[in-house]
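Each value in this text was obtained by applying a stated rule to the coordinates, not by laboratory testing. Bear in mind that the values here come from a model prediction, so they are computed numbers and not experimental data. With ideal geometry, Cβ positions are generated from the backbone for all residues, glycine too; neighbour counts draw on all protein chains shown.
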Amino acid sequence: MMNPGPARRALRTATAFVVAGTSLAVLAGATAADPPPPASSVVTSPNGALSLTVSVDDDGRLGYSVTREGTVLVEPSALGLDLADGSTLGGDVEVTGTRTTARDTTWRPVWGADAVVRDHHRELTVQLRQADGRFFNVIVRAYDDGVAFRYHVPRQPGLRSLEIVDEATEFALAGDPAAWWHPRDFDTDEKTWRSSASSAMGAVNTPVTFRYGTGTHLSIHEADLDDYAAMTVVPASGRLRAALVPTPGRTAAVVTGTGRATPWRALTVTPDAGGLIESHLLENLNPPCAICEDDTRWIEPVKYVGIWWLIQHRRATWKTGRLHGATTERAKRYIDFAAAHDIRGLLAEGWNRGWEDEWSDQDFTTATPDFDLPGVVAYGKSKGVEFIAHNETGSGVDNYERQIDAAFALYERLGIRYLKTGYVGEIPGHHHFDQRMVNHYRLVLEKAAEHRINVICHECVHGTGETRTYPNALAREAVRGQEWEAFSAGNSPEHTLILPFTRNLSGPMDYTPGIMNILWDPQKAGRRVHTTLAKQLAYFVTYSSGAQMAADLPEHYADSPGLRFIEDVPARWDETKVLSAEVGDSLVVARRAGTDWYVGAMTGDRARTLRYPLSFLGKGTWVAESYSDAPETDYTENPTAVEVTKSMVTREKTITAVLVRSGGQAIRFRPATPADLQ
């Protein structure tokens, strides 16, 4: 690498502490005709608490650091892109200019945690030139709830395309904060979440969340992932480094054109754990809705049932035969159940041909002989229940893309507005999270939008806030969800209390809650669901999703007191507040839909007594319909016991929730009627 000359070093030293938008000429009294640009620039959040500094050191190396209220969170860390020609954009640069802007607007999601979102930030663009003449920009934003940066490489002679091997981006966290992380895997996010000191953490998939000794929480993730490889994070030389998911057999992880920006590297930073859940940072970093020019009423979150849990427990099969699960008769029976209990969707896995062998050559337009697709869809419509088509690609991505236009056109003609995709297995020549597959998942969303179809994606890349741009992305799995309780040792109580502060930060997830028969074990394999019944109800509030599944069998709901709450709880919200939160241990979330409020409370591996005020309620008297762990509830011996109570409350009251290990509480608050008051 070429070293900068003495004059260049002197310039950097003299301007090391100049803030963004202020020239050295102004500070030193030099003429305005030739102001040298600052080598260190700062952008600060609107409330003044967060600051991100971009700097170039004496050797021309580009870096950044982050502070909150004067405390260093991220120490000086490298920035840059490692290219296939062996060079690094950011390895030998000088600042050629800076520009700052500010924005304070609001926007309305089609659906989400809140009906109105504020986008309030300051933005800094640092213009940089390599010693070899190539140039690029680092764009930085500071919000009250986090900071983010991305690289923008303009079109220019000598750099007409970008072949990015990896990023030089680092995250040198100050101290040794506690960490909650998921082991890195280029093909799955379905592993158990872990906790440790950050110094003991291995290579991870993102989001990855940290807690400092001051109580500040920081989560590293990415936003606006498009035509790029997903980011992972790896320990390197005592700090963390961004590492792109590679494409097998290719040197570059990303091959793309210039004239574009990379995804945002986002650091959500909040004073407590609850702030992470309330943050809209990732959505704000994505472009506005790309499919909202016309009527968007077809984009609608959904509660659904499915011919699914029976199959997961091996009491039915995806493939045709004596035990085939997706039959016309069974689908209609599930539709009848859904319609009777205000559940508006039915998923039927195995309705189509192609499940007999490797699953990778399925037919997405032809039903099995014992499944009448038009008849089932029409029957559901007559009952107010939408059919959710299932497309399991078996990782046969090319086969799926060949059929996608015909399949989606068929679904639109039949009136099918919901789709669940799957990518089980190894993708020939690719990883699930590499550039080609990131582009594929976006293609599915785009084509689905053309046919007014909402998408629930399984085995796909993590969300990155794209629900703002493509609100038909109702949910992604990208998680070790509840299905693992049916065919493995299951999900630990701690795992399910880490998810809201990690995986669920990236976007809505399809965890498939709502199991009432906690100890059902038809295979006699010693399996169970690792919660109480009340915690299953709490999931409908604590887990963010545009597709909430009542996952159990209809017959298991027959005598369950929890069914009433599932009937009542909505799938879309107008307002969200976190009342109490501790990563891995406990969470209390309140969400409003219309005039009603719902609260979900849950614990991890320890029994807890949680107290939370009802100050979020409006004035007047409210009816609280509560479903809680009962005095006789026991995680091991009696997990299905639930206490159902109804009481009158006001916003001055405090609720006490006594929760057993992996326990929960779910409450609906509705304004009291005159009849209630009498």
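Quick one: if you take sqrt(5λ) for each eigenvalue of the C-alpha gyration tensor of the stretch 375-430, what semi-axes come out, biggest first, whole angstrom?
Its equivalent ellipsoid spans semi-axes of 27, 12, 6 Å.
How much FRET efficiency would the formula 1/(1 + (r/R0)^6) give for residue 361 and residue 487, where r is the Cβ-Cβ distance and R0 is 35 Å, rounded to 0.05?
The pair residue 361/residue 487 has a calculated efficiency of 0.90.
Among 603-609, 332-338, how do they line up from the highest to the lowest mean number of other beta-carbon atoms within 10 Å? Write out the running numbers ahead of the final one.
Numbers: 603-609: 18.3, 332-338: 20.0.
My ranking of the peptides, most packed first, is 332-338, 603-609.
For the chain, what is the relative contact order in percent, using Cα pairs closer than 8 Å and at least 6 residues apart in sequence?
Relative contact order here is 10 percent.
Between residue 290 and residue 398, what FRET efficiency comes out of the Förster formula 1/(1 + (r/R0)^6) with R0 = 30 Å and r the beta carbon distance, rounded to 0.05?
Computed FRET efficiency for residue 398 and residue 290 comes out at 0.75.
Sorted from largest to smallest, which semi-axis lengths in Å does the alpha carbon gyration tensor of the stretch 436-548 give for its equivalent ellipsoid, taking the root of 5 times each eigenvalue?
Taking √(5λ) for each Cα gyration eigenvalue gives 29, 14, 13 Å.
With the Cα gyration tensor of the stretch 302-574 in hand, give its eigenvalues times 5 under a square root as the equivalent ellipsoid semi-axes, listed largest first in whole angstrom.
26, 22, 19
Which FRET efficiency value, to the nearest 0.05, do you get for residue 102 and residue 258 by plugging their Cβ-Cβ distance into 1/(1 + (r/R0)^6) with R0 = 30 Å?
E(calc), rounded to 0.05, equals 0.60.
What does the convex hull of the alpha-carbon atoms of the stretch 62-138 project to on average, in nm²?
8.2
Calculate the spin-label point distance for residue 636 paired with residue 87, positioning each point 7 Å from the Cα along the beta-carbon direction, and give it in nanometres.
About 6.5 nm separates the two model spin labels.
What are the lysines whose alpha-carbon lies under 23 Å from the alpha-carbon of residue 383, with same-chain residues fewer than 8 places away excluded?
Within reach: 303, 332, 420.
Could you please state, rounded to a whole Å, how far the C-alpha centre of the stretch 272-308 is from the C-alpha centre of the stretch 167-235?
23
Could you pull out which residues in the stretch 421-464 have an amide N less than 16 Å from a spot 7 Å beyond the Cα of residue 413, following the Cα-Cβ vector?
Under 16 Å, as judged by backbone N against the label point of residue 413, lie 451-452 of the stretch 421-464.
Jot down the per residue volume, in cubic angstrom and as a whole number, of the convex hull over the alpha-carbon atoms of the chain. Could the numbers behind the result be given before it?
Details: hull volume 113.0 nm³, N = 678.
Convex hull of Cα atoms, per residue: 167 Å³.
Assign unit charges at the C-beta atoms only (+1 for Lys and Arg, -1 for Asp and Glu), then state the dipole size of the stretch 268-382 relative to its Cα centre in Debye, rounded to the nearest 20.
The dipole of the stretch 268-382 has a size of about 700 debye.
Residue by residue through the stretch 567-575, which ³J(HN,Hα) values in whole Hz follow from phi under the Karplus form 6.51 cos²θ - 1.76 cosθ + 1.60 (θ = phi - 60°), with glycine and proline marked x?
4, 7, 5, x, 9, 10, 10, 10, 7
Can you work out the base-10 log of I(q)/I(0) for the stretch 6-284 at q = 0.09, 0.13, 0.16 1/Å, using the Debye formula on its C-alpha atoms alone?
Calculated log10 I(q)/I(0) at the listed q: -0.43, -0.91, -1.36.
Among 473-480, 102-109, 353-360, 642-649, how do they line up by average Cβ neighbours within 10 Å per residue, starting with the highest? Kindly include the intermediate steps, with their values, before the conclusion.
Working: 473-480: 26.5, 102-109: 12.0, 353-360: 17.0, 642-649: 14.8.
The most tightly packed comes first, giving 473-480, 353-360, 642-649, 102-109.
Multiply the residue gap between residue 71 and residue 677 by 0.36 nm, knock off their C-alpha separation, and tell me the result in nm, one decimal place. Mind showing how you got there, number by number?
Details: separation 606, 0.36 × 606 = 218.16 nm, distance 5.23 nm.
Here the answer is 212.9 nm.
Using a Cα-Cα cut-off of under 24 Å, which lysines could be cross-linked to residue 619, ignoring same-chain neighbours fewer than 8 residues away?
Within reach: 577, 646, 653.
Using 7 Å Cα-to-Cβ label points, what is the residue 129/residue 370 separation (nm, one decimal)?
It is 7.3 nm.
Kirkwood hydrodynamic radius, the stretch 84-239, all distinct C-alpha pairs: what's the number in Å?
Details: mean 1/r = 0.0543 Å⁻¹.
Value: 18.4 Å, from the Cα pair sum.
Spin-label point model (7 Å from Cα, Cβ direction): what's the residue 525 to residue 340 distance in nm?
Label-label distance for residue 525 and residue 340, simple model: 3.0 nm.
Projecting each Cα onto the charge dipole of the chain (Lys/Arg +1, Asp/Glu -1 at the beta carbon, about the Cα centre), which of 478, 138, 310 comes out farthest on the positive side?
Among 478, 138, 310, the one farthest towards the positive end of the dipole of the chain is 138.
Beta carbons within 10 angstrom, averaged per residue: use that to sort the peptides 527-534, 89-96, highest first.
In decreasing order of mean packing, 527-534, 89-96 become 527-534, 89-96.
Which residues' amide hydrogens lie under 5 Å from the amide hydrogen of residue 240, considering only partners 5 or more residues apart or on another chain, with H built in the peptide plane?
171, 172, 173
Determine the sum of side-chain charges near residue 517: Lys and Arg each +1, Asp and Glu each -1, restricted to other residues whose C-beta is under 13 angstrom from that of residue 517.
Local charge sum for residue 517: -2.
Dipole of the chain, Cα-centred, from +1 at each Lys and Arg C-beta and -1 at each Asp and Glu C-beta, to the nearest 20 debye? Present the calculation step by step, with values, prior to reporting the outcome.
Working: 69 positive and 85 negative charges, 194 e Å.
Result for the chain is approximately 940 debye, rounded to the nearest 20.
Calculate, in nm to one decimal, what residue 426 and residue 161 gain on full extension: separation in residues at 0.36 nm each, minus their alpha carbon distance.
Residue separation times 0.36 nm, minus the Cα-Cα distance, leaves 92.4 nm.
Run the dipole for the stretch 6-284 about the Cα centre, Lys and Arg Cβ at +1, Asp and Glu Cβ at -1, nothing else charged, and hand back the magnitude in debye, nearest 20.
Rounded to the nearest 20 debye, it is 460 debye.
Dividing the convex hull volume of the Cα atoms of the stretch 529-592 by its residue count, what figure in Å³ per residue is obtained?
Here the figure is 100 Å³ per residue.
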